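Contents: one structure, followed by commentary.
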Amino acid sequence: MPVIYIQRDSEWANKMRNFELYLNGTKIGDIGDHETKKYSVPPGVYSLEAKIDWCGSQPLAFTLGKDESIHVQVSGFVMSKYFMPSAILIALLYFFLYLKYDYNSLVLGVILMVLLGYLIFFLSFGRNYYLRLELK
């Protein structure tokens, strides 16, 4: 019988939240941070999607024959592993310079605005690109 393995690595952006998994539009379960799930399915054509709140992934279409298996990696948006630590570090540096030395850094302010815009894109217009499904 065909098997679908779905793996989720650990990441900052969605660490405390589970992703919902949908196979051909039907919810098959949730996957938590740094977790791997295994689903046995009959042979056929499938479409896999992941969702979290109003955001989700693009559908991943694949065909499974008898005794085949597929390995899928689910993760957050591009660079999501580095987004939160970077944004926090830059914000702390910006506020430290401002409060300690009364220095208002235009460069750090612009970088913070770009990071905020990047996040807003994935939470609004790019909401169906917030999560990624990739074949391993």
Residue among 78, 110 that is exposed (fewer than 11 other Cβ atoms within 10 Å of the Cβ), among the aliphatic types (A, V, I, L, M) and either within 14 Å of residue 11 (Cβ to Cβ) or at pLDDT below 95 (or both): 110
Restricting the first residue to the range 52-65 and requiring it to be touching a residue at least 24 places away in the same chain (Cβ under 8 Å) and more than 13 Å from residue 25 (Cα to Cα), which pairs with a second residue that is open to solvent by 80 Å² or more (accessible area, probe 1.4 Å) and of a type in the set (A, V, I, L, M) meet a Cβ separation below 9 Å and a spacing of at least six or different chains? 62/45; 62/135; 64/45
Given (1) open to solvent by 50 Å² or more (accessible area, probe 1.4 Å); (2) within 16 Å of residue 11 (Cβ to Cβ), where does residue 130 come up short, assuming only one miss? (1)
State which residue pairs qualify: first residue more than 14 Å from residue 85 (Cβ to Cβ) and inside the range 1-21, second residue among the β-branched types (Val, Ile, Thr) and assigned to a loop (DSSP other than H, G, I, E, B) in any location, beta carbons under 8 Å apart, and separation of 6 or more residues or different chains. 1/41; 2/41; 3/41; 4/41
Scanning for something within 17 Å of residue 128 (Cβ to Cβ), among the acidic types (Asp, Glu) and under 12 Å from the mean Cα position of the chain (by Cα), does the range 17-35 turn up at least one residue? yes
Among the residues of the range 22-33 satisfying the criterion of being of a type in the set (D, E, K, R) and touching a residue at least 12 places away in the same chain (Cβ under 8 Å), which is farthest from residue 68 (Cα to Cα)? 33
Based on what the data block shows, is residue 37 within 18 Å of residue 1 (Cβ to Cβ) and at pLDDT 95 or above? yes
So which residues in the range 37-59 are within 13 Å of residue 133 (Cα to Cα) and open to solvent by 30 Å² or more (accessible area, probe 1.4 Å), if there are any at all? 47, 49, 51, 58, 59
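The values are calculated or read from the model by the stated rules, or taken from the named source; none is laboratory data. Everything numeric here is computed off the predicted structure, so don't read it as measured data. So basically every Cβ, Gly included, is an ideal-geometry build from the backbone, and we count neighbours across all protein chains shown. We work out accessible area using only protein heavy atoms, side chains counted, and drop any ligands, DNA or RNA first. Shrake-Rupley method; radii C 1.70, N 1.55, O 1.52, S 1.80 Å.
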